[in-house]
Amino acid sequence: MTTTVALETITVELPEAFDPRWNRLPGITVDGKRITIDPKDYFFRFENSSWLVIDWETVTAGLLHVDETETAAVEQIALDFVKAHGRPTGDAGEVLAIAYQVYSYLFREEHLSTLGLPEVTAEHLRMLREAATFMALNKVELDGHISNVGPCWFFPSATGVVFDLSETEGQMLDEVYHGGWFNEYRRIEAIKAHTALGGRLVHGCQSAPNQSGGVVAAYGTSMANFAVELAGMKDEWIQRVESHRVTAA
């Protein structure tokens, strides 16, 4: 484990209780709605205790209803909004609270009847909301260096361990998480919502889920350097996540 900055225990009270099986992963304690994270046990690498955020209420009031135009793409609108409203925070609990609001919005149940993905259930949406909330603590620097890595970076493995999913089920969740519901309107919605976490969602998978995970990264982050570092960093950490999988006796 690489830990180069100190951070106090992270605590947050969320609107809904998380699945108690999150306690299978080191460093996470779930007690109903209360989440506690011990950084020294949770993170594989933790080098930066500052995140860029925007209050979710500001995003809902000022951005979600805004449409792109032929002269202003949604990505530029989102970038301008982050520049205007983004603020740094060293409170990881606040990051988790905002992330839960973001993903409660993106993975809401009204989508289930309209997007033609019958294999995705309300229970899967709950899993997505919870795992994505933890992923918000991951961090990539502007030069592409991956500075914060927790077990939920490796989305299929982490969800498989916590929710007893098969590899196929974990990969399905990963694809929905990254794919914007495979729907352009939902992708635009995700770009706007992720301004609350300071940027955009990027991931290292190529054409299939391969445990490369994802992170909300600032606009302007070097994707070339990110890809190079990601390729060499993951195998040992994936094995450590998988070692907590519960197997039938």
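Using only alpha carbon pairs under 8 Å that are at least six residues apart, calculate the relative contact order of the chain and give it in whole percent. Before the final figure, lay out each step's value.
On the way: 431 pairs, mean separation 53.1, N = 249.
Worked out over the chain, it gives 21 percent.
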Amide H contacts of Val53 (H built 1.01 Å from N, under 5 Å, at least 5 apart or other chain): Arg87, Thr89
Total formal charge among the other residues, if their Cβ is under 12 angstrom from that of Val149, Lys/Arg +1 and Asp/Glu -1: +1
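Add -39500 (n - 2.57) for each DSSP H run of 4 or more in the chain, then divide by its residues: what number comes out at 222 nm, to the nearest 500 deg cm²/dmol? Walk me through the numbers on the way to the answer.
Details: 10 runs with 103 residues, N = 249.
Value at 222 nm, helices only: -12500 deg cm²/dmol.
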Percent carbon-and-sulfur accessible area, the chain, ignoring ligands, DNA and RNA, probe 1.4 Å: 51
Structure-derived Cα Rg over 2.2 N^0.38 Å: which label, when the choices are [x] 0.95; [y] 1.04; [z] 1.13: [x]
25 Å Cα-Cα reach of Lys234 towards lysines, excluding residues that sit fewer than 8 places from it in its own chain: Lys40, Lys139
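Residues of the stretch 1-146: accessible area per residue at 1.4 Å, in Å²?
Numbers: 6780 Å² over 146 residues.
With the other protein chains kept in place, the stretch 1-146 gives 46 Å² per residue.
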The stretch 151-177-the stretch 51-113 distance, computed between alpha-carbon centres (Å): 24
Cut-off 15 Å between beta-carbons: net charge of the residues surrounding Tyr100, Lys and Arg +1, Asp and Glu -1: -3
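The values are calculated or read from the model by the stated rules, or taken from the named source; none is laboratory data. Note that the coordinates shown come from a computational prediction; the quantities given were computed from them, not determined experimentally. We place every Cβ from the backbone using ideal geometry, glycine too, and count neighbours over all the protein chains shown. Accessible surface areas use protein heavy atoms only, side chains included; no ligands, DNA or RNA. Shrake-Rupley method; radii C 1.70, N 1.55, O 1.52, S 1.80 Å.
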